[in-house]
Amino acid sequence: MGSVIGEILPEAIGIAISPVPIIAVVLLLATPRGKGNAVSFLLGWLAGLLVVGTIVLLVADPAGAAGDDGPATWVGWFTLILGALAVLLGVRQYRHRPRGGEEPPMPKWMRAVDTFTAARSAVIGFALAAINPKNLTLTLAAAAAIASAGLDTTDSYIVLGVFVIIGTLGLGIPIAIYFLGGDKSAGTLRELQHWLALHNAAIMSVLFVVIGMKLVGSGLQTVLP
């Protein structure tokens, strides 16, 4: 089980380093209902990762993801395709990066965070975790790796739980700063928001390409004799 956790660790860290959702939590914390909405957002995010991962495990096990000598060939092709997709997304992110230190515009829904309810915060968090191309790609890849490892059902879901927790740690950072930072927390969060917004494209490009190449390598190991 430990080796499987090590294998999916890059994907989990890649999900944890998600600038836009972290910025969303920072903005939520600055609103009147910030504490409750930020926690709801985090819980929705956690649920999104868990739902996608669970669906893959439920589908992959009957499909024979774990072969006699390792992952099934189809898992290798699936991982290879996901890796290639991640690399392409990284290149696209780099090509559309802001120029000259310009801070890129944030999604329109962020302008209305002060009107969010706990329910809407949870829904947005769920959607960003489960539908966002980066997170969906990495979660599918991680869940496929878990399903193909030949673990029993309990161990598979324990590993998935570890993946989800690690993938949620990034959102926990601004919440921890808010509760533990005292009077300085507001300034620290503003600096974090500005830095993430400024470097979002670079961070995402590197993550996509590095993890994508890792997935391509894993896929090739399975499909090539």
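Bear in mind that the values in this text are calculations on the coordinates, not laboratory data. Being a predicted model, the structure only gives us computed values, none of them experimental. Virtual Cβ from ideal backbone geometry, glycine too; neighbours counted across all protein chains shown.
Relative contact order (percent) for the range 2-223, with alpha-carbon contacts under 8 angstrom and 6 or more residues of separation?
47 percent
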* Asked: What's the angle, to the nearest 10 degrees (0 to 90), between helix 153-180's Cα axis and the longest principal axis of the chain?
  -> 20 degrees
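Diagonalise the Cα gyration tensor of the range 104-225 and give the resulting equivalent ellipsoid semi-axes, square root of 5 times each eigenvalue, largest first, whole Å. Don't skip to the answer; put the middle values down first.
On the way: eigenvalues 208, 70, 44 Å².
Taking √(5λ) for each eigenvalue gives 32, 19, 15 Å, largest first.
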* Asked: For labels at Asp114 and Glu191 in the simple 7 Å Cα→Cβ model, what's the distance in nm?
  -> 2.5 nm
* Structure fact -> Sorted largest first, the C-alpha extents of the chain along its principal axes in whole angstrom are 57, 40, 26
* With a point put 7 Å past each Cα toward its Cβ, work out how far Leu169 is from Val123 in nm, to one decimal. => 3.2 nm
* **Relative compactness, the range 1-41, computed as alpha-carbon Rg over 2.2 N^0.38 Å** => 1.61
* Relative to the longest principal axis of the chain, what angle (0 to 90°, nearest 10) does the C-alpha long axis of helix 118-130 take? -> 40 degrees
* Structure fact -> Sorted on mean Cβ neighbours within 10 Å (highest first), peptides 48-57, 84-93 come out as 48-57, 84-93
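Using per-residue counts of other Cβ atoms within 10 Å, averaged over each peptide, order 147-160, 199-212 from highest down.
On the way: 147-160: 17.6, 199-212: 19.2.
Ranking, from highest mean packing down: 199-212, 147-160.
May I ask you to order 161-172, 16-27, 110-121 by the average number of other C-beta atoms within 10 Å around their residues, highest value first?
16-27, 161-172, 110-121
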* Structure fact -> From the Cα centre of the range 179-225 to that of the range 124-166, the distance in Å is 17 Å
* In the range 143-172, which residues have a backbone nitrogen under 14 Å from the label point lying 7 Å from Val59's Cα in the Cα-to-Cβ direction? -> 143-145, 147
* Put a dot 7 Å past each Cα toward the Cβ at Ile131 and Val51; how far apart are the dots in nm? -> 1.0 nm
* Report, to the nearest 10°, how far helix 19-29 tilts away from the longest principal axis of the Cα atoms in the chain, using its own Cα long axis and a range of 0 to 90°. => 40 degrees
* Hey, which lysines would be in cross-link range of Lys184, C-alpha to C-alpha under 18 Å, not counting anything within fewer than 8 residues on its own chain? -> Lys35
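Rg over Rh of the range 170-210, using C-alpha atoms and the Kirkwood radius, what does it come to?
Numbers: Rg = 12.4 Å, Rh = 11.3 Å.
In the range 170-210, Rg relative to Rh is 1.10.
Report the FRET efficiency, 1/(1 + (r/R0)^6), for Arg97 and Asp152, where r is their Cβ-Cβ distance and R0 is 35 Å, rounded to 0.05. Don't skip to the end; give the middle numbers.
Values: r = 44 Å, r/R0 = 1.27.
So, using R0 = 35 Å, E works out to roughly 0.20.
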* Structure fact -> With the charge dipole of the range 2-223 built from beta-carbon charges (+1 for Lys and Arg, -1 for Asp and Glu) about the Cα centre, the Cα from Val164, Pro107, Ala129 projecting farthest to the positive end belongs to Pro107
